[in-house]
């Protein structure tokens, strides 16, 4: 497979994602890899390329925060977190509606939801017309790529498209469970204390 280097506005890129192919692209945090969310074959490809356990869900990335409650069950506190921090460097783990495709939730208690703070990423998802399943650009267990050079070196000739661009913080997103309690899973550039203030407001 030959890897094509492109920008976010490539029609070939958009068509390729719609057809079920994998793309790597910069977010405001690190480089990510993603697929259209409603294609089981694409999910299996992404698992294979990343060499990741197939029982671990990928993050559902949306084009805007207004879509979150279409897929996730949000209490009032979770809604405050969404409204305050999205789009941005946060992933929330929340309960989901039963009609989601099984490979999106994999019978986990929660799914991860993210709306990127990078406008080009949101525009790309909007252009595709459906959410994406996204993960960090790395082989499972290895260092996450934070720039184009690393991503190209690791995934050249393994995926069809890599978007050339810049990341900002080079830190993965902060991950929190938003359920009856707010629980920190991973600290990123948004502090847990800051999120807790909004949660408890």
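Odds and ends about this structure:
- All told, residue 22 falls short of being farther than 15 Å from residue 154 by Cα and in contact (Cβ under 8 Å) with a residue 12 or more places away in the chain.
- When 109, 79 are checked against the criterion of being surrounded by fewer than 19 Cβ atoms within 10 Å (Cβ to Cβ) and in a helix (DSSP H, G or I), 79 stands alone in meeting it.
- Residue within segment 137-154 that is crowded, with 19+ Cβ neighbours inside 10 Å and under 22 Å from residue 83 (Cα atoms) present: no
- Residues in segment 175-190 that are in contact with a helix residue (DSSP H, G or I) (Cβ under 7 Å, 6 or more places away or on another chain) and either in a loop (DSSP other than H, G, I, E, B) or at pLDDT below 95 (or both): 190 alone.
- All of 102, 57 fail the test of being touching a strand residue (DSSP E or B) at 6+ places or on another chain (Cβ under 7 Å) and at negative phi, apart from 57.
- Residues of segment 32-51 satisfying the condition of being in contact with a helix residue (DSSP H, G or I) (Cβ under 8 Å, 6 or more places away or on another chain), outside any strand (DSSP E or B) and surrounded by 16 or more Cβ atoms within 10 Å (Cβ to Cβ): 37, 43, 49
- Residue-level check: of (1) buried (at least 18 other Cβ atoms within 10 Å of the Cβ); (2) within 18 Å of residue 46 (Cβ to Cβ); (3) in contact with a strand residue (DSSP E or B) (Cβ under 8 Å, 6 or more places away or on another chain), residue 115 misses just (2).
- Test: residue in segment 146-154 that is under 16 Å from the mean Cα position of the chain (by Cα) and in a loop (DSSP other than H, G, I, E, B): yes
- Within the set 172, 131, the sole residue that is in contact with a strand residue (DSSP E or B) (Cβ under 9 Å, 6 or more places away or on another chain) and at pLDDT 95 or above turns out to be 131.
- Every condition in (1) touching a strand residue (DSSP E or B) at 6+ places or on another chain (Cβ under 9 Å); (2) in a helix (DSSP H, G or I); (3) free of Cβ contacts under 8 Å to residues at least 24 places away in the same chain is met by residue 193 except one, and the failing one is (1).
The values are calculated or read from the model by the stated rules, or taken from the named source; none is laboratory data. No experiment lies behind these values; they were computed from the predicted model shown. We place every Cβ from the backbone using ideal geometry, glycine too, and count neighbours over all the protein chains shown.
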